[in-house]
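The numbers here are math on the coordinates, done by the rules we state, and not lab data. These numbers were taken from a predicted model, which means no experiment stands behind them. We place every Cβ from the backbone using ideal geometry, glycine too, and count neighbours over all the protein chains shown.
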Amino acid sequence: MAPSLGICKFCEKEQAKYKCPNCSAPYCSLACYKPHKTKHDEEKEAQGPSAGEVSSSTVPEKSSSDIPADTSMEAPSSTTSAPQPAPDSKKTDFEALTNAGPLVHAMQNNANLKNRLLEIYNCTQKAAFEAENARLVAQNAQFNNRRGQRGRGGRRNFQRQPLDWTVERGMNRGLRKIQAMRKGGKDENVDIEEWSRAVLSILEGEA
């Protein structure tokens, strides 16, 4: 059992569940952690760039005399140069998730959440598709055997066909599993709902 962290330093009411990864201040929830994390972010911005970061303006440029001339090739005309693809200005910063205190501590201390996330991950893997395909083949064979014994009349055959695993199919199956856990029913899971909201909040820059 994890040791008690005492009372939340910020609301001073609830029992603390997590520690700030920057200063180890105990807190109880994401709501208390958000304004505190903002202060740390502001402090980092005030400190400016680290010593390892070098401005591009300080890097000396090579003069044209330092570059050997190549008379065998001419620079392509600007009118015939191929268009360059526009830079991807909107990239998801997944690294932010590894630095988010609430998510890290939830992963460490919530066994139910870890099991549910592992369940989602496993359903996206090739082994899960192979096991499902083997079950469908056996089920279809059994259905066809019963149908053959009854004759060709009766219900039409609405068998599910096996699907080969691909990365896209695996990811789609994982997304459907998350949706099932979030929207309710037999797979409903409060921990996954809270986890999903926290992840989206961080990725959208609200945390």
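For residue 7, the residues whose amide H sits under 5 Å from its own are 16, ignoring neighbours fewer than 5 places away on the same chain, with H placed 1.01 Å from N. Gain on full extension, evaluated as 0.36 nm per residue between residue 201 and residue 7 minus their Cα-Cα distance, stands at 67.3 nm. Footprinting exposure proxy ranking of 165, 195, fewest other C-beta atoms within 10 angstrom first, gives 165, 195.
In what sequence do 119, 188 fall when counting other Cβ within 10 Å, fewest first?
188, 119
Fewest neighbouring Cβ atoms within 10 Å first, the residues 163, 117 line up as 163, 117. For the set 19/183; 19/186; 34/183; 37/177; 9/39, the pairs lying more than 22 angstrom apart at their alpha carbons are 19/183; 19/186; 34/183; 37/177.
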